[in-house]
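Peer 1: So that we are looking at the same thing, I have put the structure below in structure tokens.
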Amino acid sequence: MAREMICISCPIGCRLRVETDAQRNILVSGNGCARGVAYAEAEMRAPTRVVTLCVRAGADGSVMLPCKTKEAFPKELIPKLIAELKEKRAGLPIALGDVIMHDALGTGIDVVATRSMAEKAGGHGS
Ligand code: SF4
């Protein structure tokens, strides 16, 4: 059975048609370059996404600190990751790239801050 997907590896967004043959080979068409094949294979075998979100920070948790996974994260684990990060409170001050959650859900992937914040940032970076 053929499946259609949009390649998100670059802004062109090629519409890919992906089929699996009897030998379980993945056949891709519609791709503008080889990255589309790699994207389709990863989507079929183990889809991942970079997760971006805000984590509560500061003593009272009133500051929202933008964060992201350092690498693409297994898609099936993203709801659990978001649930855990909702309960997280990051300390301040914090620097761009500081680890907010190490080895998230045992994947070996860290969640890091995407901006610096002073202790009394009030939502503004330093
Ligand atoms: S297949 Fe290549 S050209 Fe098309 S969206 Fe993916 S990366 Fe871009």
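Rule-based calculations on the coordinates, nothing more; no lab input. Predicted, not measured: the structure shown is a model, and the values here were computed from it. We place every Cβ from the backbone using ideal geometry, glycine too, and count neighbours over all the protein chains shown.
Peer 1: Given labels modelled 7 Å from the Cα in the Cβ direction, how far is it in nm from Ile12 to Ser29?
Peer 2: Between Ile12 and Ser29, the simple spin-label model gives 1.8 nm.
Peer 1: Over the chain, with a Gaussian network built from C-alpha contacts below 10 Å, which listed residue (Ala22, Ala72, Ala95) shows the highest mean-square fluctuation?
Peer 2: Of the options given, Ala22 has the highest mean-square fluctuation.
Peer 1: Same structure again: Between the stretch 83-100 and the stretch 5-39, what's the alpha-carbon centroid distance in Å?
Peer 2: Each part reduced to its Cα centre gives a spacing of 36 Å.
Peer 1: Counting pairs on different chains as well as pairs 8 or more places apart, how many Lys pairs in the chain have Cα atoms under 15 Å apart?
Peer 2: Total qualifying Lys-Lys pairs in the chain comes to 4.
Peer 1: Now a separate question. Starting from the Cα gyration tensor of the stretch 11-79, take the square roots of the eigenvalues, sort them a ≥ b ≥ c, and report rounded, prolate or oblate (rounded when a/c is under 1.5, otherwise prolate if a/b is larger than b/c, else oblate).
Peer 2: prolate
Peer 1: Something else about it: Loop only per DSSP, at most 10 neighbouring Cβ atoms within 10 Å: give me the trypsin sites (Lys or Arg not before Pro) in the stretch 54-96, ordered by residue number.
Peer 2: Values: sites: Arg56, Lys68, Lys70, Lys75, Lys80, Lys86, Lys88, Arg89; in loops: Lys70, Lys88.
When the trypsin sites (Lys or Arg not before Pro) of the stretch 54-96 are filtered for loop state and at most 10 Cβ neighbours within 10 Å, nothing remains.
Peer 1: Quick one: grab the alpha carbon gyration tensor of the chain, order the square roots of its eigenvalues as a ≥ b ≥ c, and give me rounded if a/c is under 1.5, else prolate or oblate depending on whether a/b is larger than b/c.
Peer 2: Prolate.
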